[in-house]
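Scroll down for the structure; my scribbles are underneath it.
The values are calculated or read from the model by the stated rules, or taken from the named source; none is laboratory data. Everything numeric here is computed off the predicted structure, so don't read it as measured data. Cβ atoms come from the backbone with ideal geometry, glycine included; neighbour counts cover every protein chain shown.
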Amino acid sequence: MIRLALWLLGALLLAGIVHLATVLILPRMATQDAYARVSAIAPVNAVVPIPTPTPEKAVLPFMDPAFEVSICRYDLSRGPLKFSVPISQAYTSVSFYTRSDIAYYAINDRAAGRRVIELDLMTAAQRAELPENEDITAADRLIVASPTTTGLIVIRALAPETGWIPAVRSALASAQCRPQ
Amino acid sequence: MRLLFGTVLALVIAAAIGLGATWIALTQGTAYGGVTIGAWTGWPKNGTQGIDPYARAMVARSGELPVGSGDGVAFYANADDAGLALDGRCDVLLSGITPQARFWTLTLYDPEGRLVANSAQRHGFTSQEIIRNADGSFDITVGPRARPGNWLPTGGVDKYLLVLRLYDTPIGMAMRTGRDAPMPAITKRACL
């Protein structure tokens, strides 16, 4: 009897380990995560418009249909990227996601304080290599450090009423994301 | 022989319980660290690098991109204030005000995060589109049949969820109660 109880206790401990291990490993094993879904339609280091979600078809689940969205799937292995997007009338935000879809940075038009959101994206190692005695100070130039070499830049621009959509789309169309 | 039997039994039980627990945790939406106000629950931490492992696994599984914390906060409701699951065959009244934000959007999804087809081709409201009462509050009828005023069609699906996203908002992880963040009440009305 005691022996059986011990076996069950062991089994439960092992079950806990199995549970934690699967939860931790799942993000690495997921084949249909947001990055994978975007990769199917977006080339590397280019801004691609994501079709507005419809009941029949959506690139990602839980997309906000009031927003026009463009995505840049970046790869910093060949060097830092320069990113810029003109802000539209209502609300524009730029969110950065790691390869495993963790949001590590987001900025909106008001925080940027200009007509254009402009920044440099690089890995921590590339940032450390930047010469320090350059004339350009940190205030002129927003530098975002990516925790992973690849990831997603998601540009969201709000079209608060349907009449706004063309203007918002054209603002997003001039977004740029290219190697320096 | 007994040792072998015990080992196999223990391994089978461990695999079944361990995987079962993972499955339940990821499908039943039991992520930690949520902020619940009335019928609404938000996970402001999911938009940061401090996202917990369960939420990470859920995000990886569903394929969504959580709203970044510098961008906004999303609140989800799949039941009304009385705790009854939202049913697309019933009329539900959303009324009240939202926490402070530059813009907000309200969107209706099926449980998998797809928009729901309907004849009006309306899937939600933005804070600019909404018709407000004199005191700034608003009423939205969520239901299968057309209604005057703000009508959000359900398309008659049996299960749906409402997502209220607040953009450029000071609301964040510090908030805990309805006094910090007044969320709209969700009341069930007549069913078809």
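A few comments on the model shown:
- Looking only at residues of segment A:27-51 that are within 19 Å of A:SER95 (Cα to Cα) and within 10 Å of chain B (Cβ to nearest Cβ), we find that the one that is surrounded by the fewest Cβ atoms within 10 Å (Cβ to Cβ) is A:ALA36.
- A:VAL116 vs. criteria among the β-branched types (Val, Ile, Thr), crowded, with 21+ Cβ neighbours inside 10 Å and outside the structural domain of A:LEU26 (by TED's automatic domain parsing): no
- Which listed residue, of B:ARG102, B:ARG56, B:ARG89, B:ARG61, is more than 25 Å from A:GLU56 (Cβ to Cβ), charged (D, E, K, R) and either outside the structural domain of B:PRO144 (by TED's automatic domain parsing) or surrounded by fewer than 19 Cβ atoms within 10 Å (Cβ to Cβ) (or both): B:ARG102
- The residues listed here are A:LEU119, A:LEU172, A:LEU152; of these, the one that is touching a Ser or Thr at 6+ places or on another chain (Cβ under 7 Å) and either part of a loop (DSSP other than H, G, I, E, B) or modelled with pLDDT of 90 or more (or both) is A:LEU172.
- B:GLY155 vs. criteria under 19 Å from the mean Cα position of the chain (by Cα), at positive phi and touching a residue at least 60 places away in the same chain (Cβ under 8 Å): yes
- Taken together, B:ALA39, B:ALA60 contain a single residue that is within 11 Å of chain A (Cβ to nearest Cβ) and either closer than 26 Å to B:TYR167 by Cβ or in contact (Cβ under 8 Å) with a residue 60 or more places away in the chain (or both), which is B:ALA60.
- Any hit, segment A:75-82, residues being under 19 Å from B:ASP71 (Cα atoms) and buried (at least 21 other Cβ atoms within 10 Å of the Cβ): no
- For B:THR105, the conditions (1) of a type in the set (S, T, N, Q); (2) out of contact with any Pro (no Cβ under 9 Å at 6 or more places or on another chain); (3) closer than 27 Å to A:ASP33 by Cα are fulfilled apart from (2).
- Selection count where residues are assigned to a strand (DSSP E or B) and either surrounded by 17 or more Cβ atoms within 10 Å (Cβ to Cβ) or polar (S, T, N, Q) (or both), scope segment B:121-138: 4
- Here B:GLN49 passes the criteria (1) surrounded by fewer than 17 Cβ atoms within 10 Å (Cβ to Cβ); (2) assigned to a loop (DSSP other than H, G, I, E, B); (3) under 14 Å from the mean Cα position of the chain (by Cα) except the one numbered (3).
- Conditions (1) touching a helix residue (DSSP H, G or I) at 6+ places or on another chain (Cβ under 7 Å); (2) among the aromatic types (Phe, Trp, Tyr); (3) more than 9 Å from chain B (Cβ to nearest Cβ); number of the one not met by A:TYR91: (3)
- Scope segment B:63-88; condition outside any loop (DSSP other than H, G, I, E, B) and more than 11 Å from chain A (Cβ to nearest Cβ); matching residues: B:VAL73, B:PHE75, B:ALA77, B:ALA79, B:ALA85
- Residue match in segment A:78-90 (condition: of a type in the set (Phe, Trp, Tyr) and more than 16 Å from A:ARG178 (Cα to Cα)): no
- Residue check for A:SER93: surrounded by 18 or more Cβ atoms within 10 Å (Cβ to Cβ) and at pLDDT 90 or above: yes
- Residue in segment A:122-136 that is among the charged types (D, E, K, R), surrounded by fewer than 18 Cβ atoms within 10 Å (Cβ to Cβ) and within 14 Å of another protein chain (Cβ to nearest Cβ) present: no
- Condition check for B:THR126: within 14 Å of chain A (Cβ to nearest Cβ) and at pLDDT 95 or above: no
- Note on segment B:89-120: residues that are part of a loop (DSSP other than H, G, I, E, B) and within 9 Å of chain A (Cβ to nearest Cβ) amount to 8.
- Taken over segment A:28-60, the criterion of being closer than 20 Å to B:PRO53 by Cα and more than 15 Å from the chain's Cα centre (by Cα) is satisfied by A:ARG28, A:MET29, A:ALA30, A:THR31, A:GLN32.
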